[in-house]
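Each remark here refers to the structure printed beneath this line.
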Amino acid sequence: MHIATCVWQDKSAAAAAAEAAMGAEGGKKQGERVVSVAAVAAAAGGALNCVVSFVVFSLLDVLDVVLCLVYKLVDYAVEAEWKPCYCTAASGAGEPRILVPPSAAAAVPGPKVVRLSSASSAANSKPRMQLEDVSDTLYVRPSLLADATRKGGAAGPAAPALTVTPAIAEMIRGKLDRPPRTPPRHHHPAPPCWSDCDCKVCHSWSGGGGASHLYVHVQAPPPPSPPAPAPETVKTEDVVFIHGFISSSVFWTETVFPAFSAAARGKYRMFAVDLLGFGRSPKPADSLYTLREHVEMIERSVLRRYRLGSFHVVAHSLGSVLALALAVKYPDAVKSITLLAPPYFPVPESEAGAATQYVMRRVAPRRVWPPIAFGASMACWYEHVSRTICLTICRHHRVWDRLFRIFTRNRVRTFLIEAFMCHTHNAAWHTLHNIICGSAARMGAYLDVLSSELTCKVAIFHGRDDELLPVECALAVGARVPRARVTVYDRKDHITIIVGQEELFAAELEAIWRSAAAE
């Protein structure tokens, strides 16, 4: 594994002189006192964070139960339908339930086969169904108090008892057993839920046949000006860009796309997709947003639609999981794969029986500080709290965009408003659990295939100050794929790894693509 570290240090002469003075004996003693005080302050801050987090998230546990009842009543009042949710646990003898037998095989990649049994059904007529890519974190999320109690009385976390109610069983079965997503000729998608935005950006796909394809921004080389001699024709290469969680294609088109050199714009055909459920792409209410669905939509909307025989892949955060899945599925087509802040958490053997639960706790540690961890925890642990967040922010993204423009006097680009706010709760909730948490057992297998069976160029980038996905994620990927080049940017986080250094990153990508072509 080759590790390159990019450091930006703007040190003044005074700061340099102060550093030199620290070498003196008095400076050393003063430095030791400063370190001691800093260590005490850090320990006190950590303890305060734990106490406040316990209180806040215990209250959120209660709030989510209350919101569950509120949304059921409002859904029924507005849409005359009781909508099922994942927050209710099954209970009572003889009640129909879904059981996933506890087994070490739970950490093995692949679909989970479960049995739906009913008290009224005959012993020999138990229907079977397959939960493809459905993460158990959707319906196994213990409260903070229960989690703390269990951890205190056990050496390590046990595999969760995967039991869900009949309503959830029917919901999952109905979505998995539905016909293919390609709509009939005169199919009209259902109107959005009352708590979802119905503006042209969020719901433009429902006006025609767009429900079967993702929104794809294509930046193609301009046609050669006549009369261009044939020998000077440059062979075009294709690049697929995949954004991360609660983002969209503008994360690429408003940052690195304008920063590419004229030579790159003349050689590479670039495709930036809005993933299923995000941006301008379809946001079907009947989807579970599984890994299979996301990959199939990328295949249909980009690979087959534009006839890509070979291509480079650039992916950020959650998109890295989809990029690896594409690379494994099309090993001969991928020329290079570039991953930014990949969400890879190697699962210890002691956690193998509950890999998805382990990843959920790493991504969303239920802490109020740092703020990005607090936001991730609310979005991941609390189904109805996260729906409230979407109702407040996503449904009114046009208002927030207008206020942002007024507050900044239109001096700041607002593309991140669209990137972060144009999705539905159904899409965000299922994608977060089924891709990031649900891929816990798959990521290691994907990286092993990438390391041993694929020969494409592999590059990893990460910000050292990333508080959402720590830099250890990238280092773990590099350790699993020894030929990968890992670049760590100092003073960069999950977003500023690109935003703010677009020209540098565009140049890095061009170098990777040239190097891949030369091999």
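The values are calculated or read from the model by the stated rules, or taken from the named source; none is laboratory data. The shown structure was predicted, so the numbers you read here are calculated from the model rather than taken from an experiment. Cβ: placed from backbone, ideal geometry, glycine included. Neighbour counts: every protein chain shown. Just so you know, the surface numbers come from the protein's heavy atoms only, side chains and all, with ligands and any DNA or RNA stripped out. Shrake-Rupley method; radii C 1.70, N 1.55, O 1.52, S 1.80 Å.
Each Lys or Arg adds one and each Asp or Glu takes one away; over the other residues whose Cβ falls under 14 Å from the Cβ of residue 52, this sums to +2. The stretch between residue 63 and residue 404, if pulled fully straight at 0.36 nm per residue, gains 119.8 nm over its current Cα-Cα span.
Below 8 Å, C-alpha to C-alpha, sequence gap of six or more: please give me the relative contact order for region 380-519 in percent. If you can, show how the numbers build up before the last one.
On the way: 112 pairs, mean separation 25.8, N = 140.
Averaging sequence separation for qualifying contacts and normalising by length gives 18 percent for region 380-519.
The average projected area of region 212-340, computed from the convex hull of its Cα atoms over all directions, is 8.5 nm².
Full extension of the chain between residue 471 and residue 212 gives 89.6 nm of extra length, using 0.36 nm per residue less the Cα-Cα distance. For region 372-444, the alpha carbon positions stretch 47, 27, 20 Å along the principal axes, listed from largest to smallest.
Residue separation times 0.36 nm, minus the C-alpha to C-alpha distance between residue 39 and residue 83: what's the value?
Values: separation 44, 0.36 × 44 = 15.84 nm, distance 5.00 nm.
Extra length available between residue 39 and residue 83 comes to 10.8 nm.
Here region 38-60 and region 268-300 have alpha carbon centers that stand 39 Å from each other.
Would you calculate the convex hull of the Cα atoms in region 321-448 and tell me its volume per residue in Å³? Walk me through the numbers on the way to the answer.
Working: hull volume 18.7 nm³, N = 128.
So the per-residue hull volume is 146 Å³.
Heavy-atom accessible area per residue, region 294-347, 1.4 Å probe: how many Å²?
Working: 1510 Å² over 54 residues.
Value for region 294-347: 28 Å² per residue.
Dividing the Cα radius of gyration of region 383-486 by its Kirkwood radius returns 1.11 for Rg/Rh. Our summary gives region 326-386 a relative contact order of 17 percent, counting only alpha carbon pairs under 8 angstrom and 6 or more residues apart.
7 Å from Cα along Cα→Cβ at both residue 143 and residue 453: what's the point-to-point distance in nm? In this crude spin-label approximation the distance works out to 4.6 nm. Over 26 Å apart at the Cα level, from the set 329/457; 83/329; 457/492; 235/457; 267/335, are 83/329. Where in region 455-476 is the amide nitrogen less than 18 Å from a point lying 7 Å along the Cα-to-Cβ axis of residue 491? Once the point is set 7 Å along Cα→Cβ of residue 491, 462-467 turn out to lie under 18 Å by backbone N, inside region 455-476.
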